[in-house]
1. Select the helices (runs of 4 or more DSSP H) contained entirely in the range A:247-302, then report the ones holding at least 3 residues which are in contact with a His (Cβ under 7 Å, 6 or more places away or on another chain) and at pLDDT below 95.
2. Out of the range A:160-183, which residues are touching a residue at least 40 places away in the same chain (Cβ under 8 Å) and not in a helix (DSSP H, G or I)?
3. Using the structure shown, decide if A:Val46 is more than 25 Å from A:Ile158 (Cβ to Cβ), without any contact (Cβ under 8 Å) to a residue 12 or more places away in the chain, more than 15 Å from the chain's Cα centre (by Cα) and assigned to a helix (DSSP H, G or I).
4. Given the options B:Glu176, B:Glu205, name the one that is within 20 Å of the chain's Cα centre (by Cα), within 27 Å of B:Lys497 (Cβ to Cβ) and in the same structural domain as B:His34 (by TED's automatic domain parsing).
5. Quick one: which helices (runs of 4 or more DSSP H) lie wholly within the range B:413-504 and hold at least 1 residues that are of a type outside the set (Asp, Glu) and over 21 Å from the mean Cα position of the chain (by Cα)?
6. Go through A:Ile202, A:Ile198 for me and flag whichever is at negative phi, exposed (fewer than 11 other Cβ atoms within 10 Å of the Cβ) and more than 14 Å from chain B (Cβ to nearest Cβ).
7. Return the residue satisfying two criteria in turn: it lies in the range B:377-427 and is surrounded by fewer than 18 Cβ atoms within 10 Å (Cβ to Cβ) and of a type in the set (Asp, Glu), and of such residues it is nearest to the other protein chains (Cβ to nearest Cβ).
8. Being closer than 24 Å to A:Ser354 by Cβ, hydroxyl-bearing (Ser, Thr, Tyr) and out of contact with any strand residue (DSSP E or B) (no Cβ under 9 Å at 6 or more places or on another chain) narrows it down to one residue among A:Ser154, A:Ser74; which is it?
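The values are calculated or read from the model by the stated rules, or taken from the named source; none is laboratory data. Not measured: the values here are computed from a predicted model. Cβ sites come from the backbone with ideal geometry, for glycine too, and all protein chains shown count toward neighbours.
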Amino acid sequence: MTFFENAKKVLQQNIREYGMYIALFVIMVFFTITTNGTFISSRNIVNLINQTGYIAVLAVGMTLIIIIRQIDLSVGFLAGFLGAIAAIAMADPKVIPNGLNLPVYAVIPLTLSLGVMAGLITGFLVAQMKIPSFVASLAGWLIYRGAILVVTESTGTIIIANSAFNAIGNGFIPDIPDIGILPGVHKLTLLLGVVAVILLVINEFNNRRKKQSYNFEVLPTEIFALKLIFLAAIIGGITWILAGYQGLSWTAVIVLLVTLIYNFVMSQTVLGRHIYAIGGNPDAAELSGISVKKLVYVVFGSMGMLSALSGILFTSRLQSATTTAGTLFELDAIAAAYVGGVSAAGGVGKVVGSIIGALVMTSLTSGMNLMGIGISYQYIVRGAVLAAAVIFDVTTRGKN
Amino acid sequence: MNAPILEMKNITKEFPGVKALSDVSFQVAKGEIHCLVGENGAGKSTLMKILSGVYPHGNYNGDVIFNGRVQKFSGISDSEKAGIAIIYQELALIPEMTVYENIFLGHEIKNGLLIDWNETIKQAGEMLKKVNLDINPATKVRNLGVGKQQLVEIAKALSKDVKLLILDEPTSSLNETDSENLLALLRDLKHQGVTSIMISHKLKEVIEIADTITVLRDGQTVATLSKDEVTEHKLIKHMVGREINNIYPKREHKPSQEIVLEVKNWNAYHPTLGRAILKDVSFNLKKGEIIGFAGLIGSGRTELALSIFGNPDGYRLSGELFINGIKKQFHHPQDAIKTGIAYVTEDRKGDGLILIQDVKQNITLANLYKISQRGIVNNNAEIQVANQYKADLNIKTPSVEQKVSNLSGGNQQKVCLGKWLFVGPDILILDEPTRGIDVGAKYEIYTIMKDLVKQGMSIIMISSELPEVLGMSDRVYIVSAGKIAGELNAEEATQEKVMQLATN
């Protein structure tokens, strides 16, 4: 087989998976051209990633929720509410009446635990009380919306003075001391990029060797090489762009970690496989000795924790907790998951896909903002892209 | 004999891979009660589905002549218009609606554009009188017992001016009194000029009520008997009288006397159905033995298996379960699996397989920890395991990464089997292990079963195919209406004896 035949075959077999990457790439190139390069500038890309952050972590949790054939509408206002709680917990009692003046390293775990608890409550309603998740989480939507208003009633917007907390949404990782080379470039970011590429290459080679030791089919050598070069180029390119401004933001680091962990759990662990199984066929999973109830708790608990994280990212980015924080986050997260190839029928979807979906949606907003397109048309375009993504998904399904 | 109201001539119906009906002819005289009997899968339901238009004209070969005309029904509404109504075992009423709404659902009495509710209620009352049901037509169907619901269904049929009423196992879920009422009503309707066809497994009631009986077997008409010449013995003989082709691998080994599973005085109550589904069931299984559970569909065999296998449907249970002499209580299928029980379900697509996943993922699902370290799945070991089962069980698939939805029925069944063998069970429960698969694959599954018991595994086989039960089992338990109606050794079991116990 020639190189091109091989490449064509691999591409055809994986068109569903690569479709989103291609779409993201096309969208980015389009906006880069229409904005004369402003879109791809370091500053804009950093901004775009920070803007995606709080939706991206929600989309990760929502991916699991949709995989097990549920939905969670409460996550937006839960994020807003917990963001406000975090703000109050850190606030000086002299400024905010209920302020607890807690240090940031106590506030973050506290907020995340509250998130887990809120998620478990929804999980209880769904798993134990057998209430449809749409209804259970709609109740949560109303309750948390009211709760935000309750806690911000006396103060209105709560300004956050803690600079460490605010750095989560606005700050960047520190740089290594200047050693005279590459002035104006964030060297630690560049170094991390190089490390990432090296780890990736080592990992890919290891997997390939293991597969060969079992005598399994592996990618043809030249395709494998091409894949490595391609992935390395993408990581390198992104790193270079980021390093050109202020380097990796803390938000990016957090989203990256969440994605890596969830992707690992979903694709490599027994827990992940069981989650896919109950989404694929809950009756078969139950009869195979998997406790569906328990996993509903786990998935909703994780969703709650990620809602709290989303709240922290958003509150920190605004450096304040507002009365309307979290409005419509849940629908953005759901849209990101669907654009990223999660199936509404359950059992199908990837965490990385949803992150790409979130990036697609924010890229559209960012690009159209730069082009000066009005908000009304932005909604229409995003709606059309969502529909197109799902149509693509449905029509290519079952072809392999 | 009156002139025929219905004649079905040379009906042949094929499904992919199976001939459900071949050249069946069937005649019903006007004003009679005609019973249709036969084993599970003999083709009764298929024949009735052709008559009622569920399988439209052109989908089968042969003619349906009703009321002297060749009918070409393209759907149920056509057959209803012609005056044929069918009442299925699973009732088709809407529980949240009232009796009168249900009776006139689909042919509402209208006054201009609006429904004339007063007239509806009045006429519904008249229909209820016809079926001897004394209830308020405004009662919600949800609040009626099964017997009364069935009468409402018949009232609904009568409201459509029915000429031919078909009842599919009408008494299977009724108690004694309700059954008698229903049979009395059928006689009543006969005097009012309604012709009925009744499908039933209960031979005693068939003999009691029928004017004529047609016996189907393996998709063919084998006998049509009038009520004067029929006996229970004769019926059973016709129903099961096929040649047993010896497709069963030879029994070479004797099970040991060691009892691995024993169930004593086992009762189950179904909370949503609101009735007892298993009554005082006791049986045992020895090491290296195959026991067969024979019985009719709906007799409670699958429920028995589920109630032992961790009770996932939440029946209320009482009684004792011993595994290797130790009393056990399972709260989840997980507990049963850990104790060494595996259950290959009856409905492999519904609750056996995950169709959107591939062969390897399905095979390893119930025992992922075996190929994992610290919760992380070894994907390569998984492929290896799957390939092993692919070879051992001769699963025909291009690769173990093929989605199971793309496999044939027989190969899907082997994937199910592989999945449960990977758990390494001591006791394997197979529920209809060869349903809907071809003869070649059947033989392979029989051979696998023999190999497994030789290695010391014990098997419970639930099957509605009598020859299979008799050909494979060391002992046969016959289940009827949630009870063990009898136990026969392989040597003494015959199709006639089993059928006799099952239809009691």
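1. Values: elements: A:250-268, A:270-280, A:282-287.
Output list is empty.
2. Quick first cut of the range A:160-183, residues touching a residue at least 40 places away in the same chain (Cβ under 8 Å) only: A:160-162, A:164-173, A:175.
Selection gives A:Ile160, A:Ala161, A:Asn162, A:Gly171, A:Phe172, A:Ile173, A:Asp175.
3. Working: more than 25 Å from A:Ile158 (Cβ to Cβ): yes; without any contact (Cβ under 8 Å) to a residue 12 or more places away in the chain: no; more than 15 Å from the chain's Cα centre (by Cα): yes; assigned to a helix (DSSP H, G or I): yes.
For A:Val46, the condition - more than 25 Å from A:Ile158 (Cβ to Cβ), without any contact (Cβ under 8 Å) to a residue 12 or more places away in the chain, more than 15 Å from the chain's Cα centre (by Cα) and assigned to a helix (DSSP H, G or I) - is not met.
4. Numbers: B:Glu176 fails: within 20 Å of the chain's Cα centre (by Cα).
Every option except B:Glu205 fails the conditions.
5. Details: elements: B:439-454, B:466-472, B:495-502.
Once the helices (runs of 4 or more DSSP H) in the range B:413-504 are filtered for at least 1 residues that are of a type outside the set (Asp, Glu) and over 21 Å from the mean Cα position of the chain (by Cα), what remains is B:439-454.
6. Details: A:Ile198 fails: exposed (fewer than 11 other Cβ atoms within 10 Å of the Cβ).
Within the list A:Ile202, A:Ile198, the selection yields A:Ile202.
7. B:Glu401
8. Values: A:Ser154 fails: closer than 24 Å to A:Ser354 by Cβ.
It is A:Ser74.
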